[in-house]
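The values are calculated or read from the model by the stated rules, or taken from the named source; none is laboratory data. The shown structure was predicted, so the numbers you read here are calculated from the model rather than taken from an experiment. Cβ atoms come from the backbone with ideal geometry, glycine included; neighbour counts cover every protein chain shown. Heads up: the accessible areas ignore ligands, DNA and RNA and are worked out on the full protein's heavy atoms, side chains in. Shrake-Rupley method; radii C 1.70, N 1.55, O 1.52, S 1.80 Å.
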Amino acid sequence: MPSPLTPAPLGTGATRGFSAPSPGLTFVEFFAGVGLIHEAIAPLGWSCLLANDNDPRKVAAYKRNYSTPIVDCDIRDLPVEEIPTATLATASFPCIDLSQAGGRRGINGEHSGIVWSFLDHIAQLAEQGRAPQFILLENVAGLLTLHEGASIDLLLRSIADLGYAIDLVQVDARHFVPQTRNRVFIIAVRDQSMATSDQMPDMHIRRYKVQHIFQRNRDLPWVFFDFPELPTRRLELRDVLVELPEDDSRWWNEERTRYFWDHLEHDHRPKLEAMVAAGADLQLTAVRRGRRRGLREQIFNLRFDGLASCLRTPKGGSSIQFVVRVRNGEVQIRRILGSESARLQGVALKNSSPNFLIPESEQEALFAFGDAVCVPAVRWVFENSIQTVAMGLPNVSTSQLSLDLASVA
Ligand SMILES: C[S@@+](CC[C@H](N)C(=O)[O-])C[C@H]1O[C@@H](n2cnc3c(N)ncnc32)[C@H](O)[C@@H]1O
């Protein structure tokens, strides 16, 4: 019997296997990208009324999977009148200015600062009496400490000023998929009567960085959702990597393989040699770091923890990942595939939605999934927070919801 975790064939599906959305549970997806927020929450009974992204390639990728209207424009040019009234608005906004690689310019940076346009839209919707009941924001964990907390403090305060009670959690995708992807979620509910004066619960998803933010901002309306312990990951790298034949042209030739060995991090080379000598049969991931210690050379770093590094958009050398296969006393190297990146984000696996259509071009697929969200991580956050409150909304049919949940369990 095939394992439920083995990858399903990609690029074939017409039916997505999602249940019919529950009447009343609607969302608008900003910064939609390839649509993985949609992928995470539609199976929980939510219906997307409108999506927005300003990258035509992402919009094309989104359209392959969803019939939701998606507006291909800068969010700043999206008139508020065109935004439907919905229960929820989501924003996995650009992380460039919040990460090390982007220079950590902060929440007012040219790219990440676009979140203010999102909040401006929410403010205008509120003025019109049609603010979403919930907001979900997602970004890199670096946001927690950026500029000694100034960015996150400002963001949380601004959301609270719009009438929302807020929660803040940090979740690494490694609990769901074999990828390190440490992310922050701001969960906001437009009901400040839910705010508590309790201490923030001390648990894995609210470790010291999150606790410090709470302590600094105790005057904000905090709401603490009752999250369970993070799950133990069931998926291994072998469940997401494709078994290419030995003679596949995507494996590097002799010359490039020698280059790899010559540029391996110095203490990784003996470890890899030992694996080969021991007759190991396994696959590892590697990244290439440039200009290390001032040298104009590239260094390959192997991971020995059975994980892939955080996927990124393949813009520079250090954002590309490689698969290193050790078998029959040989080492083969190749670039990670778009389909593997999709699976590392939790899509196109048999235990999620097997028929997710990924972009046909390899480059486009790597690009689309590099800055997408991790589906099971988002779903876990969502179903333990917003979903629990939404179940109590008067216009939600709970029997429909439990059916939807059962179908994705
Ligand atoms: C972190 S990615 C979101 C990924 C998405 N959630 C997914 O799963 O694919 C940020 C997205 O914001 C889009 N974006 C950046 N600036 C924008 C702007 N000014 N207006 C609209 N979309 C923008 C990018 O094209 C990108 O797809």
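A few remarks follow.
- Region 139-168 - residue that is acidic (Asp, Glu) and buried (at least 16 other Cβ atoms within 10 Å of the Cβ) and, of those, nearest to residue 225 (Cα to Cα): 167
- Taken together, the criteria place residue 136 among residues that are open to solvent by less than 30 Å² (accessible area, probe 1.4 Å), within 11 Å of the ligand (Cβ to nearest atom), in contact (Cβ under 8 Å) with a residue 40 or more places away in the chain and outside any loop (DSSP other than H, G, I, E, B).
- Which numbered condition residue 397 misses (of (1) open to solvent by less than 20 Å² (accessible area, probe 1.4 Å); (2) at pLDDT below 95; (3) closer than 23 Å to residue 67 by Cβ): (1)
- A single member of 353, 318, 341 is polar (S, T, N, Q), at pLDDT below 90 and not in a loop (DSSP other than H, G, I, E, B), and it is 318.
- Remark: residue 57 falls outside the filter, which requires a residue to be at pLDDT below 95, assigned by TED's automatic domain parsing to the domain that holds residue 388 and more than 12 Å from the ligand (Cβ to nearest atom).
- Qualifying helices (runs of 4 or more DSSP H) (wholly inside region 202-268; at least 1 residues being within 30 Å of residue 375 (Cα to Cα) and of a type in the set (A, V, I, L, M)): 208-216, 237-240
- Neighbours by Cβ (under 6 Å, 6+ apart or cross-chain): first from region 104-117, assigned by TED's automatic domain parsing to the domain that holds residue 153 and within 16 Å of residue 90 (Cα to Cα); second assigned to a helix (DSSP H, G or I) and β-branched (Val, Ile, Thr): 117/75
- The set of residues from region 243-257 being open to solvent by 40 Å² or more (accessible area, probe 1.4 Å) and closer than 20 Å to residue 280 by Cα comprises 243, 245, 246, 247.
- Taken residue by residue, region 105-128 has at least one member that is among the aromatic types (Phe, Trp, Tyr), open to solvent by 10 Å² or more (accessible area, probe 1.4 Å) and either in contact with a strand residue (DSSP E or B) (Cβ under 8 Å, 6 or more places away or on another chain) or within 14 Å of the ligand (Cβ to nearest atom) (or both).
- Within region 23-52, the set of residues being open to solvent by 20 Å² or more (accessible area, probe 1.4 Å) and either modelled with pLDDT under 95 or near the ligand (Cβ under 8 Å from one of its atoms) (or both) comprises 23, 24, 31.
- Taking region 79-95 as the range and being within 8 Å of the ligand (Cβ to nearest atom) and either more than 16 Å from residue 373 (Cα to Cα) or among the aromatic types (Phe, Trp, Tyr) (or both) as the test, only 93 passes.
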